[in-house]
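First the structure, in the form of structure tokens, and then the observations on it.
The values are calculated or read from the model by the stated rules, or taken from the named source; none is laboratory data. What you see is a predicted model, and the numbers here were worked out from it, not measured in a lab. Virtual Cβ from ideal backbone geometry, glycine too; neighbours counted across all protein chains shown.
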Amino acid sequence: MVDAAASFDGNRVAANELSVRADRGRWAATTSDKAGLADYAQFCASALHAPAQSASWVRNWADATGADIIVATLGCDGRPALSLALEVARRGPFKVARFTGGRHANGNFAAADSRSLPAIDGAAIRSIFKAIAKARPDIDLISLERLLPDLDGAANPLAALPSFPSPNLALAVDLDGGFDALLGRASGKRKRKKHRSQTRKFEAVGTFRRIEARTPEEVDRLLDAFLEMKQVRFAKMGIANVFGDAGVRAFFRALFTDALTEEKPSFLLHGLDVAGKLRAVTGSSRSGKRLICEFGAIAEDDLAFTSPGDFLFFDNIQEACELGFDVYDFSVGDEPYKRLWCDIETQHFEVLAPLTLKGRALATAMRQGARAKAFIKNNPRVWKLTKMLRRKAVGQTAPASAEDDN
């Protein structure tokens with residue numbers, strides 16, 4: 001497929017083409033810098049959006065990382081209809097506008113007024129891109145990755161633009177009928193037997209409990225443990241630690257701490273404590289009737305063989321059923337431990353809108369890179385070889401546990 005800005009013809013877009021006529025009124029696109037986050041937060045209070053496009057996520061990312069923020073809003077007859085809160089990041093010689101959070105932002109759905117969604121078309125969205133180009137002539141490419149096809153039954157308006165599939169599938173569990181019904185569909189007898197066996201192994205070591213972080217101190221404890229687990233995990237895998245940057249760590253700490261002030265926290269941390277030590281940690285977000293596992297990790301210690309991550313997922317999913325969620329979402333990544341539960345596959349999509357000739361070259365390279373990643377990850381032999389080569393590069397010969405690949 002082609003990129004979303006083929007109509008731009010590879011040149012700087014015209015600065016005066018910032019509005020288009022629609023059947024139901026006139027669309028107008030405006031932009032702002034970080035100062036526009038107050039208006040963005042006000043819009044998000046009633047708008048439909050994914051967790052990584054929430055006002056809390058965007059504000060905390062900007063504060064913790066010092067990101068260069070641009071907020072672009074599409075309005076119809078003076079009322080906001082769609083808003084993109086993006087960070088401008090350097091990628092080699094290029095400047096790219098992307099969702100805040102970079103690789104940490106998954107299952108993306110831009111903030112939108114659900115009443116206006118049916119009328120938002122490709123021409124209206126392209127007017128946003130033109131407004132961004134006018135306000136920030138230094139930006140080469142708008143890259144909107146890992147986009148949800150729909151959210152709460154509403155189609156993603158960005159699907160009106162040319163796009164291509166994301167290289168990674170997202171997996172989820174249908175919770176219809178409750179936990180017993182789910183286990184009836186997903187090898188429940190085996191899962192319950194394993195859960196009882198794990199319980200006995202934990203009790204042989206000491207007391208154990210599942211924790212939900214409800215105070216800033218508990219957030220610190222669970223996040224500190226998770227970040228240490230991930231550091232060890234990524235080192236064994238031979239890949240860069242995406243949680244290693246100080247700004248990223250500060251962001252997650254602020255995000256989960258701020259959520260404690262909400263009646264129903266939009267971001268939650270859970271942990272499995274065995275004999276006074278955290279053995280597994282998950283970070284989740286709420287999105288309507290969907291509970292999303294944003295990340296997870298296990299400790300590489302004497303109890304790793306008991307699969308503490310699997311135990312914690314069992315309890316997390318059971319509680320999600322009890323709380324009335326419709327879906328437990330494992331987010332991006334196709335891993336065996338997810339397949340043990342999942343019966344829903346979601347194919348995210350990606351939109352690239354080059355604003356300059358340089359941006360067009362980068363968009364071509366990114367599309368090719370996505371195709372290459374998809375080929376590697378969808379070919380079991382090639383993917384297994386790739387992971388083996390990574391481990392060998394850092395002196396590891398045996399695969400690490402696959403319970404914490406989020």
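Here are the numbers:
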item	result
Top-ranked residue of region 231-252 - restricted to ones that are surrounded by 15 or more Cβ atoms within 10 Å (Cβ to Cβ) and within 17 Å of the chain's Cα centre (by Cα), ranked as farthest from W57 (Cα to Cα)	N241
Residue list for region 352-361, filter: surrounded by fewer than 23 Cβ atoms within 10 Å (Cβ to Cβ) and touching a residue at least 40 places away in the same chain (Cβ under 8 Å)	T356, L357, K358, R360
Residue identified as in contact with a strand residue (DSSP E or B) (Cβ under 6 Å, 6 or more places away or on another chain) and in contact (Cβ under 8 Å) with a residue 24 or more places away in the chain among V242, V248, V281	V281
Test: residue in region 13-22 that is at pLDDT 90 or above, farther than 22 Å from A159 by Cα and not aliphatic (A, V, I, L, M)	no
Exclusive hit being among the charged types (D, E, K, R) and surrounded by fewer than 12 Cβ atoms within 10 Å (Cβ to Cβ), set R210, R214, R200	R200
Residue check for L147: buried (at least 16 other Cβ atoms within 10 Å of the Cβ), under 29 Å from W27 (Cα atoms) and at pLDDT 95 or above	yes
Output for region 125-159, where each listed residue is under 20 Å from V96 (Cα atoms) and in a strand (DSSP E or B)	L141, I142, S143, L144, E145, R146, L147
Cβ pairs under 9 Å, 6+ apart, first in region 144-165 and within 18 Å of A72 (Cα to Cα), second of a type in the set (K, R)	L144/R98; E145/R98; E145/R103; L161/R126
Verdict on D63 being under 21 Å from the mean Cα position of the chain (by Cα), assigned to a helix (DSSP H, G or I) and of a type in the set (D, E)	yes
Failed criterion for W61 (all others in (1) hydrophobic (A, V, I, L, M, F, W, C); (2) free of Cβ contacts under 8 Å to residues at least 60 places away in the same chain; (3) more than 17 Å from L158 (Cβ to Cβ) hold)	(2)
Selected residue (criterion: nearest to K201 (Cα to Cα)) from residues of region 264-277 that are more than 24 Å from the chain's Cα centre (by Cα) and not in a loop (DSSP other than H, G, I, E, B)	V274
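Results for (1) out of contact with any helix residue (DSSP H, G or I) (no Cβ under 9 Å at 6 or more places or on another chain); (2) modelled with pLDDT of 95 or more; (3) among the aliphatic types (A, V, I, L, M); (4) surrounded by 14 or more Cβ atoms within 10 Å (Cβ to Cβ), shown as yes or no for each residue.
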residue	(1), (2), (3), (4)
K95	no, yes, no, yes
K134	yes, yes, no, yes
N168	no, no, no, yes
L171	no, yes, yes, yes
L182	no, yes, yes, yes
